[in-house]
Each structure stands twice: as C-alpha cells, then as structure tokens.
Amino acid sequence: MALVPVITIDGPSGSGKGTISQRLAAELGYHLLDSGALYRILGCVVRQQGLDLNEHEKLARVATDLDIQFGERGPGSVTVNGEDFSELIRQEVAGEMASLVGAIPAVRKALFERQLAFRQAPGLVADGRDMGTVVFPDAVLKIFLTASVEERAKRRYNQLIAKGIGAILPDLLRELKERDARDTQRAVSPLKPAGDAHILDTTSMSIDEVVARVLSLATESKD
C-alpha cells in the first residue's frame, strides 16, 4: 500500500480543503478521503443518540461500528447505517460536534484504521486536519491550506445563504475562532502543517488558482 501515492490537503475549517480536494481527485482520477466527514458523521450520531462525550470508549466503539458509504447515492452523497447524512453533516452544528469528538484520543484511534483503508490504487487525495502529520506521513505531496479567519467566516456564510440556510456572520466568526483554538491546542493530533508541507494562503485566491497551483506541485512531486 505504501506504493500507492497520497496527496494530503490539511487546514482549518473554511480554508477550501473540501472543494480543492474534490477537484484535485477528479483531475487526477484518484480516490478521495474526506476525513472531516467521518468526524462530522460521528458528531451527528452522538447528538442524535444523546451520547455522553465523556464516555470515550463507548464513542470509540460507535465510531468503529458505523456503516459509512460515500457516493452510494450519487456524487457527494453520504449514507450512515442506510440513512442519508449528505446534508446533515454539512450543517454548522455538525462541524462543532466534529471538533469536540475529534479531541478525544480514543475516537481518533478508532477512526485511524478506517482512514488508512482509503489508500487504494491509483492514488488518494486525503482531506483533513492531520492527514500529512499523522495519518499519511509518507504522502508524496502535502498541502496546508489557510486563509484569514474573516475570509473563512465569509465563505461559510455565503455557502449557507446559497443553500437557503439562515446564518449570522458575527456568530460564524466567533465559532470559527473557537474551533481554531480547540483544533490547534488539543493534545492529540493538533492542527498544524507538516514540516515538509507546502503552505498556501488562499485568502485572495480563487478556487481555480488554488487547484492550478496544487496540480503544478503534484506534477513536480512526480519528477
């Protein structure tokens, strides 16, 4: 499996990881791992079932046992135990819950093996917060996307409004700052760029510009 190339795309919420990773995987014909979706899924299940965030081993067992299918009902679809979670995991509360369960070491350990299993030929684009530092440290190319917290809040606001979901920009900004602090300061797998990662500030870049830059780096990594 080590011979299967992996490109990791890490970064904070709203930096463009998901969009860039999807475009990159499509361009290269690679598989896609949205690791954040795994944590969002678990966060949604925890909330639905009223599970106690302090019962770490129980949460780890739930994470291991969930039947998760990506793309089964079409591009971008997510099913969990046969239920459509596609829209549910994109809600703001899912991101908040993902950050909370992601700070639990037992949960991260339980999901680690599930993430490794996505490494299949001809290659993988892995999107997350610790893909290049922890899960795939041998990736052929590591990208760390960032952007100002104000720009990231604005992007999230526009996404929600476009979907007809009400949003308040100052609230989104506050929540992003809290999530950034939680993700960067957690004891296990804190959010940070790998030592050999290419750091791209996307604040003033378009999606096409970021994709072009990453594709250029991907080409260089093959030489």
Worksheet item: Any residue at all in region 40-55 that is part of a loop (DSSP other than H, G, I, E, B), closer than 30 Å to LYS154 by Cα and under 14 Å from the mean Cα position of the chain (by Cα)?
Response: no
Worksheet item: Restricting attention to region 100-126, which residues are over 16 Å from VAL62 (Cβ atoms) and in a helix (DSSP H, G or I)?
Response: GLN115, LEU116
Item to complete: Return yes or no: is ILE165 loosely packed, with under 14 Cβ neighbours inside 10 Å and over 14 Å from GLY14 (Cβ atoms)?
Response: yes
Practice prompt. Go through region 1-39 and give me each residue that's closer than 21 Å to ARG179 by Cα and part of a loop (DSSP other than H, G, I, E, B).
Written response: GLY11, PRO12, SER13, GLY14, SER15, GLY16
Fill in: Test: residue in region 172-190 that is surrounded by 14 or more Cβ atoms within 10 Å (Cβ to Cβ) and touching a strand residue (DSSP E or B) at 6+ places or on another chain (Cβ under 7 Å)
no
Response to the item:
Taking region 172-194 and keeping only residues that are acidic (Asp, Glu) and either without any contact (Cβ under 8 Å) to a residue 40 or more places away in the chain or more than 18 Å from GLU92 (Cβ to Cβ) (or both), one is left with GLU178
Worksheet item: Of all residues in region 195-208, which are closer than 17 Å to PHE136 by Cα and either in a loop (DSSP other than H, G, I, E, B) or free of Cβ contacts under 8 Å to residues at least 12 places away in the same chain (or both)?
Response: GLY195, ASP196, ALA197
Item to complete: Those residues that are surrounded by fewer than 20 Cβ atoms within 10 Å (Cβ to Cβ) and of a type in the set (Lys, Arg), I need them from region 97-118; list them, please.
Response: LYS109, ARG114
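Coordinate-derived values only; no laboratory data. Quick caveat, the model's predicted, so the values are computed rather than measured. Heads up, the Cβs are rebuilt from the backbone with ideal geometry, glycines too, and the neighbour counts pull from every protein chain shown.
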